[in-house]
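Nothing in this text is a laboratory measurement; each read-out follows from the coordinates by a stated rule. On a predicted model such as this, the values are computed, not experimentally measured, just so you know.
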């Protein structure tokens with residue numbers, strides 16, 4: 001099962017969170033989702049949502065180009 005890759009760079013909150021929620025709804029159990037974003041608020045919102053929803057965070061990295069990437073498993 002391939003990972004779902006999402007690019008929300010340039011989108012303001014809450015769009016990265018909505019995009020992640022929609023992807024989680026469509027993902028199979030155990031499937032990984034990687035989302036890249038530039039919204040600073042999402043650095044807090046996405047991990048908080050994952051924690052509340054019981055979604056496993058596999059990695060959370062700051063990229064050189066002023067964006068972040070979070071990888072989760074449903």
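Some notes on this structure:
- Over the residues of the chain, the helix contribution to mean residue ellipticity at 222 nm works out to -10000 deg cm²/dmol, using -39500 (n - 2.57) for each DSSP H run of at least 4.
- The slack between residue 60 and residue 28, meaning 0.36 nm per residue of separation minus the straight C-alpha distance, is 9.4 nm.
- With Cα atoms, 0 to 90° folded angle of helix 15-26 axis to the chain main axis: 10 degrees
- Rule-of-thumb Rg ratio for segment 4-67 [Cα; 2.2 N^0.38 Å; N residues]: 1.04
- Contact order relative to length of segment 4-67, as percent, for alpha carbon pairs under 8 angstrom and 6 or more apart: 39 percent
- Rounded to 10°, Cα long-axis angle of helix 42-53 versus longest principal axis of the chain: 20 degrees
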